[in-house]
Amino acid sequence: MVSMPSGRISYCGIRRFRCDSSDISADHIPDELRSELIAALPPGAIEMATVCRLDTAIGQSFADAAIAAMYEFFGGTADLVASHGQTVYHWVSDGVVRGTLQLGQPAWIAERTGLSVVSDFRARDIAAGGQGAPLVGLFDLLWLAGHSERATALNIGGIANVTVTGDKPVAFDTGPGNALIDAAVELCTGGVEHLDRAGERAARGDIDTGLLETLLAEPYYRAPAPKTTGKELFNRAYLERVLDGHAASADDIVATVTALTARTIADALAPLRPTEIIASGGGIRNPTLMAMLGAYLGPTKVRTSDELGIPSAAKEATAFAVLGFLTAHGLAGNHRACTGAGRAAVLGSITPGAAGFTLPSAPTTVPLRLTLAG
């Protein structure tokens, strides 16, 4: 949700659902919808009828969340909704992103709130030759402008991604964040549990060095940036294939894939020599993961986005509120160095609200810095 008087931005969700990690928000998600969403994510196979139902149901749930946010944060009014949607597939072939699909029909949000909605952010960056992810790169560069020379934003969701600032900024997905941890817990508990709450299983287990080396052999980790990945690769079926022939206890498996997340983040950042790391996302609520990450990173300081004024659970909502603001003003929302796009492009599609939507005049300036207030 975006409020835009005098070029200022206020934010709240609409966050995308994180059905594969501990930062899923269940306030407006019926249990049946949540289960159907999880089943639809890769490597699941679903019928088009299910896609249609999910697109509608997610849009309606987002509309409920938007209405609640309007009254809780904005006194019953707002100017714009920026809705990322639920990613159900990110099509990557031979290292090139060919397409992406997010569900959550914006018409339901516009109809129920009366507000204009910006949605479907990633497709335009892909059409311009980019990876479509991580799209938070431009936001991170604006947010961390004037900070330390190589400040790095790290988000640990289902997939982990980083943005490194400096004269030559870069952003990319490092690999799995919570995705394989969640998959390991589901596999080891027969689907009874879905995440390693507070990192308790990983803390009890021992890292299987042989299994870790097998996991580290994945070619994605050595691909050059910019690059992106998702549960299309790092999913339960992937983990089952890797585990074939490895004998390890349930807690040892969870400990090992937790170490994999920490190790691949640290390895990806090592050549970039970050001066500090500002972390967000559901993964930071896993103390075992964060302890492992700190050990692999050595002296590099790790802070949370909360310390810089953005609650870690709201980082993604904040970023997409800013992207919605940029789109509404006719400004590009991607950064070529971060996504690999051939050009900077205005992102997303606009669904007009009850009062319609007035296209902006040609922008004369672009924002260089984001200042947090309040």
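The values are calculated or read from the model by the stated rules, or taken from the named source; none is laboratory data. All figures in this text were calculated on a predicted structure; none of them were measured in a lab. No Cβ is skipped: glycine too gets one built from the backbone with ideal geometry, and neighbour counts run over all protein chains shown. Side chains included, ligands, DNA and RNA excluded: accessible areas come from the protein's heavy atoms. Shrake-Rupley method; radii C 1.70, N 1.55, O 1.52, S 1.80 Å.
At full extension, residue 204 and residue 127 could sit 23.1 nm farther apart than now, given 0.36 nm per residue minus the alpha carbon distance.
Rg/Rh, computed from the Cα trace of the stretch 130-227 with Rh as the Kirkwood radius, has the value 1.05. Rounded to the nearest Hz, the phi-derived 3J(HN,Hα) couplings of the stretch 40-53 under the Karplus curve 6.51 cos²θ - 1.76 cosθ + 1.60 (θ = phi - 60°) are 7, 6, x, x, x, 10, 10, 7, 4, 4, 5, 4, 5, 5, where x marks glycine and proline. In this calculation the C-beta distance from residue 306 to residue 272 is compared with R0 = 35 Å, giving a FRET efficiency of 0.90.
For the stretch 362-372, 3J(HN,Hα) computed residue by residue from phi via the Karplus equation (6.51, -1.76, 1.60; θ = phi - 60°) reads 4, x, 9, 9, 10, x, 10, 8, 10, 10, 8 Hz, glycine and proline entered as x. Protein heavy-atom surface of the chain, 1.4 angstrom probe: 53% of the accessible area is carbon and sulfur, with nucleic acids and ligands not counted. With each label modelled as a point 7 angstrom along the Cα→C-beta vector, the residue 349-residue 47 pair spans 2.5 nm.
Taking 0.36 nm per residue of separation and subtracting the Cα-Cα distance, full extension of the segment from residue 168 to residue 291 would add 41.3 nm.
Our summary gives the stretch 127-208 a relative contact order of 19 percent, counting only alpha carbon pairs under 8 angstrom and 6 or more residues apart.
The calculated FRET efficiency for the pair residue 91 and residue 371, based on their C-beta separation and a Förster distance of 41 Å, comes to about 0.65.
Expressed in units of 2.2 N^0.38 Å, where N is the residue count, the Cα radius of gyration of the chain is 0.95.
Site-free segments of the chain were taken between GluC sites (Glu not before Pro) in DSSP loops having at most 11 other Cβ atoms within 10 Å, sites themselves excluded; the longest one is 150-374.
Amide H contacts under 5 Å for residue 278: 152, 153, 154, 303, restricted to partners 5 or more places along the chain or on a different chain, H placed in the peptide plane at 1.01 Å from N. Structural descriptor for the stretch 105-255: relative contact order 22 percent, calculated from alpha carbon pairs under 8 angstrom and at least 6 residues apart. By the helix-only formula, in which each DSSP H run with n ≥ 4 contributes -39500 (n - 2.57) and the sum is divided by residues, the chain has a 222 nm mean residue ellipticity of -11000 deg cm²/dmol. Once you keep just the Cα pairs under 8 angstrom separated by 6 or more residues, what percentage relative contact order results for the stretch 179-281? Value for the stretch 179-281: 43 percent.
Taking R0 as 35 Å, what FRET efficiency do you get between residue 74 and residue 237 from their Cβ-Cβ distance, rounded to the nearest 0.05?
It comes to 0.25.
Over the chain, accessible surface divided per residue gives 43 Å², non-protein components excluded, 1.4 Å probe. By definition, a body whose alpha carbon gyration tensor gives a ≥ b ≥ c is oblate when a/c is 1.5 or more and a/b is not larger than b/c, and the stretch 71-174 fits this oblate description.
Taking chymotrypsin sites (Phe, Trp or Tyr not before Pro) across the stretch 51-88, the ones in a DSSP loop with at most 16 further Cβ atoms lying within 10 angstrom of their Cβ are 74. Amide hydrogen proximity for residue 175: with H placed 1.01 Å from N in the peptide plane, the residues at 5 or more positions away or on another chain lying under 5 Å are 160.
Amide H to amide H, with H built 1.01 Å from N, residue 100 comes under 5 Å of 91, counting only residues 5 or more places away or on other chains.
Here the 3J(HN,Hα) profile of the stretch 286-303, calculated from phi with Karplus coefficients 6.51, -1.76 and 1.60 at θ = phi - 60°, is 9, x, 5, 4, 5, 5, 5, 4, x, 5, 6, 7, x, x, 4, 6, 10, 10 Hz, Gly and Pro shown as x. Indicate the gyration tensor shape class of the stretch 108-149 (rounded, prolate or oblate), computed on the Cα atoms with a ≥ b ≥ c the square roots of the eigenvalues: a/c under 1.5 is rounded; otherwise a/b larger than b/c is prolate and the rest oblate. Cα axes put the stretch 108-149 in the oblate bin.
Under the combined filter of DSSP loop state and at most 13 neighbouring Cβ atoms within 10 Å, the stretch 326-374 retains these trypsin sites (Lys or Arg not before Pro): 343, 369. Reported value for the stretch 29-126: 108 Å³ per residue, from the convex hull of its C-alpha atoms.
Cross-link partners of residue 227 among lysines, defined as those whose alpha carbon lies under 19 angstrom from its own and excluding same-chain residues fewer than eight positions apart: 168.
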